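Have a look at the structure below, then the notes.
The values are calculated or read from the model by the stated rules, or taken from the named source; none is laboratory data. Worth saying up front: this structure is predicted, and the values here are computed from it rather than measured. Ideal geometry is used to build each Cβ from the backbone, glycine not excepted, and the neighbour counts take in all protein chains shown. Ligands, DNA and RNA are excluded from the accessible area calculation, which covers all protein heavy atoms including side chains. Shrake-Rupley method; radii C 1.70, N 1.55, O 1.52, S 1.80 Å.
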Amino acid sequence: MPGYLTRQLEDLHSGSVFLFANGAAGDVSTRFTRKEATEEEARRIGSEVCRALMDAQELPAMEALSFLETSASYIDRWTRSELLARYQTVELAGMRLLFCPGELYARYALEIAGHSRRALIVGYANGYLGYVPDVASQGEAGYEAEACRLTGDALLSVTRTVMKNAEEPV
């Protein structure tokens, strides 16, 4: 789907380059909404997203880029080995992009949206911690929560780090 989406946008805006980034999607899957798992279905979904984006608000031109980087380490609850995590915050064209390692649950994005409509999570960035449910979801049944490599304390630390990066000046 991302490939079809970016190609359609680039065709509509000649000379432009588009980037697709996943957000907090650890508990989001098209397996619940797609009609089938085919190339044609990916093309259809990409076209739907493209149509929706055509109504989106255009961002102001980039004036300056601000950058913040933090890091943390956690203990893998299965192997007891150290997991290193690097978080980056980039302010670009009035938006705050929060680059986070792993597949954060959508609840992180909803929590951040409650504080700032201009902050977005970019998941799967700077390494991979695996699935990162919010603390309330960790005990739930389901593949993603059960496959989580982080302890409850580590999940609290991830939450604090993401929220701090969403609010702290860059």
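I need a count of the residues in segment 30-74 that are among the small types (Gly, Ala, Ser), at pLDDT 75 or above and open to solvent by 70 Å² or more (accessible area, probe 1.4 Å). Looking only at that region, the number is 2. The lone criterion from (1) under 12 Å from the mean Cα position of the chain (by Cα); (2) crowded, with 17+ Cβ neighbours inside 10 Å left unmet by residue 110 is number (2). Counting just the residues of segment 1-29 that are out of contact with any helix residue (DSSP H, G or I) (no Cβ under 7 Å at 6 or more places or on another chain) and among the polar types (S, T, N, Q), which one comes out farthest from residue 107 (Cα to Cα)? The extreme case among them is 14. The lone criterion from (1) at pLDDT 85 or above; (2) in contact with a helix residue (DSSP H, G or I) (Cβ under 6 Å, 6 or more places away or on another chain) left unmet by residue 135 is number (1). Does residue 91 satisfy the condition of being open to solvent by less than 40 Å² (accessible area, probe 1.4 Å) and touching a residue at least 12 places away in the same chain (Cβ under 8 Å)? No.
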